[in-house]
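Colleague: I'd like to ask some things about the structure below.
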Amino acid sequence: MSEAAVMTRHAENHVAVPATGCILIIDDEAEIRESLQTLLELEGYEVITAANGAQGLMRSGEKPFDLVLLDLTLPDQDGFSVLSTIRERDAYLPVIMITAYGTVENAVRAMQSGATNFVQKPWDNEKLLADVRETMKRRQAEEENVQLKRALKQRYSFENIVGKSEPMLRVFDLIAQVAASRSTVLIQGESGTGKEVIAKAIHTHSPRKDQPFVPVNTGSMPPDLLESTLFGHLKGAFTSAIASKKGLFEVADKGTLFLDEIGSMGMETQAKILRVLQDKKFMHLGGTHEIQVDVRILAATNVDLQQLVKEGRFREDLFYRLNVISVDLPPLRQRKEDIPLLVDHFLKKYSEENEHPLRRITAEALRPLLQHSWPGNVRELENTMERAVVLSTGTEVGVELLPDNIAGRHVMLPMIDQPGDASLFQILEECERRIITGMLEKCHWNQTDAAERFHVPLSTLNQKIKRLNIEIKKKGRE
């Protein structure tokens, strides 16, 4: 009995089952095309046919398909050539190769070339349909996953996190996986990479989203003040404790507490944090009664905690308690393909905040942004775009609105223009003054932030500010 007759009998006895998807058949034999079309349409699939390779490739470009049934031998080109072109267009489109010459070599070559399966003529209809159903099911699952990721990227599902680079997509996936859990998360990355934004995203997509998100910069407070801030105190616990006060652990109960700059926390405070992580209990300063809390801890650091553990400056047991899940944020210089997206995002944000018409970046201005090393990471880029929007008078942001160091405008020091008037040390001192002043301006005169970007202790930066007589013009913006 011919294949056509077998298919016809199958069609006469077949009861259609619900199925969706579009299949392209590329085969030079009209009888085969018609029989396969009848078989698959009875299953509920939409079917398009093509008689040769060129026609098949043209059809494949006209609309999206979920599966291709491809004959190995075609009148104008072999099936492997057609398969290669299909793979170039869509690396994930399933292709089942069909041939009358079912050698092992052909099967191996087909699979190595990217075919999903290899079927020999004459085939068993039920087995072929089973292969098609399984392939379509996988295709549907993969497409749903792609659509989900695309939707997340398009609407920047995680609040203000913007990026399409592979490192950031991995961060998005990790956030989606860990947000619903109760586990502690350690967010690691250079200063300015957006660690608090990541922490907020985890909280916002967790079951605790309707409860408080409480951030605290543990590196900006003396130990006594930090402990009072975290655990609260009773009236009279210390000289200035004129009234009892709740700590942030109580404020964050049922919610999330974000401990930023965890690496700068003193050893005594580390021990108390460890106890809360272990027992979910703590005491007020000056108190004797334990307080039970349900708080999820998210921590962040821009230093290597493992190195601090080796140096004896961070508790090993606390490190392992915090590092249940680690989110590593890449610096901006390692994901420069995200810069155009970030630029558009910040231009829109600050145009709206300043009630300006929406700004757009010129190609001339974008070029140095892509070339800059961004030591201050996303925060530096954001400050640059905010400055450009505020200073702009038109609807375009040109290179003239970028800072000198980014635009490549190197200003000569006046003392260099008059040789003999200044020593080398005076020239170097003036260079240092300008560099530090420039960074402070970028950080809105926040010395702690500037010290982080320079990767020096705050005390070192303050000593230089004093020695160079740099005037702090205004209070830093937190």
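Colleague: Those residues that are part of a loop (DSSP other than H, G, I, E, B), in contact with a Lys or Arg (Cβ under 9 Å, 6 or more places away or on another chain) and either outside the structural domain of VAL132 (by TED's automatic domain parsing) or over 22 Å from SER84 (Cα atoms) (or both), I need them from region 26-62; list them, please. Break it down into steps so the answer makes sense when it comes.
Modeller: First, the residues of region 26-62 that are part of a loop (DSSP other than H, G, I, E, B): 27-29, 43-45, 51-52.
This time we only want the ones that are in contact with a Lys or Arg (Cβ under 9 Å, 6 or more places away or on another chain), so: 27, 43, 51.
Once the filter is applied, which keeps residues that are part of a loop (DSSP other than H, G, I, E, B), in contact with a Lys or Arg (Cβ under 9 Å, 6 or more places away or on another chain) and either outside the structural domain of VAL132 (by TED's automatic domain parsing) or over 22 Å from SER84 (Cα atoms) (or both), region 26-62 yields only GLU43.
Colleague: Let me ask something additional. Any idea which residue in region 349-371 is nearest to ILE406 (Cα to Cα), counting only those that are charged (D, E, K, R) and either touching a Ser or Thr at 6+ places or on another chain (Cβ under 6 Å) or in a helix (DSSP H, G or I) (or both)?
Modeller: Of all residues in region 349-371, those charged (D, E, K, R) come to 349, 352-353, 355, 359-360, 364, 367.
Filter once more, keeping what is either touching a Ser or Thr at 6+ places or on another chain (Cβ under 6 Å) or in a helix (DSSP H, G or I) (or both): 349, 352-353, 359, 364, 367.
Values: LYS349: 21, GLU352: 24, GLU353: 24, ARG359: 19, GLU364: 12, ARG367: 10 Å.
That would be ARG367.
Colleague: With VAL251, VAL293 as the choices, which residue is closer than 26 Å to PRO212 by Cβ, in contact with a Pro (Cβ under 7 Å, 6 or more places away or on another chain), among the aliphatic types (A, V, I, L, M) and not assigned by TED's automatic domain parsing to the domain that holds MET385?
Modeller: Sole residue among the options that is closer than 26 Å to PRO212 by Cβ, in contact with a Pro (Cβ under 7 Å, 6 or more places away or on another chain), among the aliphatic types (A, V, I, L, M) and not assigned by TED's automatic domain parsing to the domain that holds MET385: VAL251.
Colleague: Out of everything in region 305-338 that is in a loop (DSSP other than H, G, I, E, B) and free of Cβ contacts under 8 Å to residues at least 24 places away in the same chain, what residue ends up being nearest to GLN270 (Cα to Cα)? So that I can check it myself, show each step before the final result.
Modeller: The initial filter retains those residues of region 305-338 that are in a loop (DSSP other than H, G, I, E, B), namely 311-315, 323-324, 329-331, 335.
Subsequent filtering for residues that are free of Cβ contacts under 8 Å to residues at least 24 places away in the same chain retains 311-312.
Details: GLU311: 15, GLY312: 12 Å.
Among them, the one singled out is GLY312.
Colleague: Name the residues in region 64-95 that are among the acidic types (Asp, Glu) and either surrounded by fewer than 22 Cβ atoms within 10 Å (Cβ to Cβ) or free of Cβ contacts under 8 Å to residues at least 12 places away in the same chain (or both), would you? Don't jump to the end; show me each part of the working.
Modeller: Within region 64-95, the subset among the acidic types (Asp, Glu) is 66, 71, 76, 78, 88, 90.
Within region 64-95, ASP66, ASP76, ASP78, GLU88, ASP90 meet the criteria.
Colleague: Quick check on region 364-378. Is at least one of its residues of a type in the set (Gly, Ala, Ser) and over 26 Å from SER264 (Cα atoms)?
Modeller: Step one: filter region 364-378 for residues of a type in the set (Gly, Ala, Ser), giving 365, 373, 376.
Next, only the ones that are over 26 Å from SER264 (Cα atoms) stay: 365, 373.
Yes.
Colleague: Name the single residue, out of those in region 170-203 being crowded, with 16+ Cβ neighbours inside 10 Å, out of contact with any strand residue (DSSP E or B) (no Cβ under 8 Å at 6 or more places or on another chain) and polar (S, T, N, Q), that is nearest to ASN446 (Cα to Cα).
Modeller: Filtering first and then ranking leaves SER191.
Colleague: Given (1) at pLDDT 90 or above; (2) part of a loop (DSSP other than H, G, I, E, B); (3) at negative phi, identify the lone condition not met by THR288.
Modeller: Tallying (1) at pLDDT 90 or above; (2) part of a loop (DSSP other than H, G, I, E, B); (3) at negative phi, THR288 fails exactly one: (1).
Colleague: Output the residues belonging to region 448-474 that are farther than 23 Å from GLN426 by Cα and in a loop (DSSP other than H, G, I, E, B).
Modeller: Within region 448-474, HIS455, PRO457, LYS473, LYS474 qualify.
Colleague: Evaluate the following for ILE23: is it β-branched (Val, Ile, Thr), in contact with a strand residue (DSSP E or B) (Cβ under 8 Å, 6 or more places away or on another chain), within 16 Å of ASP131 (Cβ to Cβ) and in the same structural domain as VAL95 (by TED's automatic domain parsing)?
Modeller: yes
Colleague: Yes or no: region 193-210 includes at least one residue that is farther than 25 Å from LYS280 by Cα and touching a Lys or Arg at 6+ places or on another chain (Cβ under 7 Å). Give the steps one after another, and end with the answer.
Modeller: Here is the first cut: in region 193-210, the residues farther than 25 Å from LYS280 by Cα are 193-194, 197.
When the remaining residues are screened for being touching a Lys or Arg at 6+ places or on another chain (Cβ under 7 Å), the result is none.
No: zero hits.
Colleague: Go through (1) in a helix (DSSP H, G or I); (2) within 21 Å of the chain's Cα centre (by Cα) and name the single condition SER206 misses.
Modeller: The one condition SER206 does not meet is (1).
Colleague: While we're looking at this one, here's another question. Of everything in region 186-203 that's charged (D, E, K, R) and not in a loop (DSSP other than H, G, I, E, B), which residue is nearest to the chain's Cα centre (by Cα)? I'd like the intermediate steps shown before the answer.
Modeller: If we filter region 186-203 for residues that are charged (D, E, K, R), which is where we start, we get 190, 195-196, 200.
Those still in the list that are not in a loop (DSSP other than H, G, I, E, B) too: 195-196, 200.
Working: LYS195: 11, GLU196: 14, LYS200: 14 Å.
In this case the residue turns out to be LYS195.
Colleague: Condition first: in the same structural domain as THR184 (by TED's automatic domain parsing), of a type in the set (Lys, Arg) and outside any loop (DSSP other than H, G, I, E, B). Can you find one or more residues in region 339-348 that meet it?
Modeller: As a first pass, look at region 339-348 and keep what is in the same structural domain as THR184 (by TED's automatic domain parsing): none.
Among the residues of region 339-348, not one is in the same structural domain as THR184 (by TED's automatic domain parsing), of a type in the set (Lys, Arg) and outside any loop (DSSP other than H, G, I, E, B), which makes the answer no.
Colleague: Looking only at region 356-395, filter to residues that are among the charged types (D, E, K, R) and within 16 Å of VAL162 (Cα to Cα); which one of those is surrounded by the most Cβ atoms within 10 Å (Cβ to Cβ)? Can you show your working first?
Modeller: We begin by selecting, within region 356-395, every residue among the charged types (D, E, K, R); these are 359-360, 364, 367, 379-380, 382, 386-387.
Within this subset, residues satisfying the condition of being within 16 Å of VAL162 (Cα to Cα) are 379-380, 382.
On the way: ARG379: 20, GLU380: 22, GLU382: 20.
Ranking the qualifying residues of region 356-395, first place goes to GLU380.
Colleague: Let me ask something additional. Hey, among the residues in region 123-151 that are among the polar types (S, T, N, Q) and more than 15 Å from CYS22 (Cβ to Cβ), which one's modelled with the highest pLDDT? Explain how you work it out, then say what you get.
Modeller: Initial filter on region 123-151 (among the polar types (S, T, N, Q)): 125, 135, 140, 145, 147.
Going one step further and asking which of them are more than 15 Å from CYS22 (Cβ to Cβ), we end up with 125, 145, 147.
Working: ASN125: 89, ASN145: 59, GLN147: 58.
So the residue we want is ASN125.
Colleague: Moving to a separate point now. Is it true that THR229 is free of Cβ contacts under 8 Å to residues at least 40 places away in the same chain, of a type in the set (S, T, N, Q) and at negative phi?
Modeller: Values: free of Cβ contacts under 8 Å to residues at least 40 places away in the same chain: yes; of a type in the set (S, T, N, Q): yes; at negative phi: yes.
So THR229 fits the description; yes.
Colleague: Within the group ILE98, ILE48, which residue is within 14 Å of GLY21 (Cβ to Cβ) and either surrounded by 22 or more Cβ atoms within 10 Å (Cβ to Cβ) or at pLDDT 90 or above (or both)?
Modeller: Details: ILE98 fails: within 14 Å of GLY21 (Cβ to Cβ).
The conditions single out ILE48.
The values are calculated or read from the model by the stated rules, or taken from the named source; none is laboratory data. Everything numeric here is computed off the predicted structure, so don't read it as measured data. Don't worry about glycine lacking a Cβ; one is built from the backbone with ideal geometry, like all the others, and counts go over all protein chains shown.
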